[in-house]
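Here's the structure we're looking at; comments come further down.
The values are calculated or read from the model by the stated rules, or taken from the named source; none is laboratory data. Every value quoted in this text rests on a predicted model; they were computed, and no experiment measured them. Cβ placement follows ideal geometry from the backbone for every residue including glycine, while neighbour counts extend to all protein chains displayed.
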């Protein structure tokens with residue numbers, strides 16, 4: 001993998017997403033604010049506004065530097081190494097979680113006091 005985030009190797013547009021929600025939150029019965037998709041392997045993790053910050057943890061554990069938004073209507077990429085937004089190629093669908101899943105989500109697992117649980 002190159003240290004130059006402008007090179008295509010941190011992004012594999014042919015890899016499908018790992019599922020409709022944050023892998024680790026789904027396994028633990030947790031919830032998230034927004035979702036991010038690893039552009040290298042398709043892993044879905046929750047954003048840094050979420051209690052568990054699994055997308056950043058995925059970057060730290062794997063070294064995969066580029067995440068894409070996994071929110072409906074959003075098509076941006078973020079490079080953790082350089083802390084910058086990027087343009088990227090079209091990724092294999094689906095490009096977002098199901099709209100009915102909600103944000104924060106998923107519906108049915110978000111606590112009533114969710115905003116007080118965030119550390120902005």
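Among the residues of segment 67-85, those that are touching a helix residue (DSSP H, G or I) at 6+ places or on another chain (Cβ under 9 Å) and farther than 23 Å from residue 106 by Cβ comprise 80, 81. Condition first: surrounded by 18 or more Cβ atoms within 10 Å (Cβ to Cβ) and modelled with pLDDT of 95 or more. Can you find one or more residues in segment 8-17 that meet it? Scanning segment 8-17, I find at least one residue that is surrounded by 18 or more Cβ atoms within 10 Å (Cβ to Cβ) and modelled with pLDDT of 95 or more, so the answer is yes.
Tell me, please, whether a residue that is assigned to a strand (DSSP E or B) and without any contact (Cβ under 8 Å) to a residue 24 or more places away in the chain can be found in segment 9-16. Looking for residues that are assigned to a strand (DSSP E or B) and without any contact (Cβ under 8 Å) to a residue 24 or more places away in the chain, one finds none in segment 9-16, hence no. Residues of segment 34-49 that are surrounded by fewer than 18 Cβ atoms within 10 Å (Cβ to Cβ) and in contact (Cβ under 8 Å) with a residue 60 or more places away in the chain: 49 alone.
Kindly establish whether residue 52 is out of contact with any helix residue (DSSP H, G or I) (no Cβ under 8 Å at 6 or more places or on another chain), surrounded by fewer than 19 Cβ atoms within 10 Å (Cβ to Cβ) and outside any helix (DSSP H, G or I). For residue 52, the condition - out of contact with any helix residue (DSSP H, G or I) (no Cβ under 8 Å at 6 or more places or on another chain), surrounded by fewer than 19 Cβ atoms within 10 Å (Cβ to Cβ) and outside any helix (DSSP H, G or I) - is not met. At least 3 residues being surrounded by 13 or more Cβ atoms within 10 Å (Cβ to Cβ) is the threshold, and among the strands (runs of 3 or more DSSP E) wholly inside segment 55-120 those reaching it are 66-69, 77-79.
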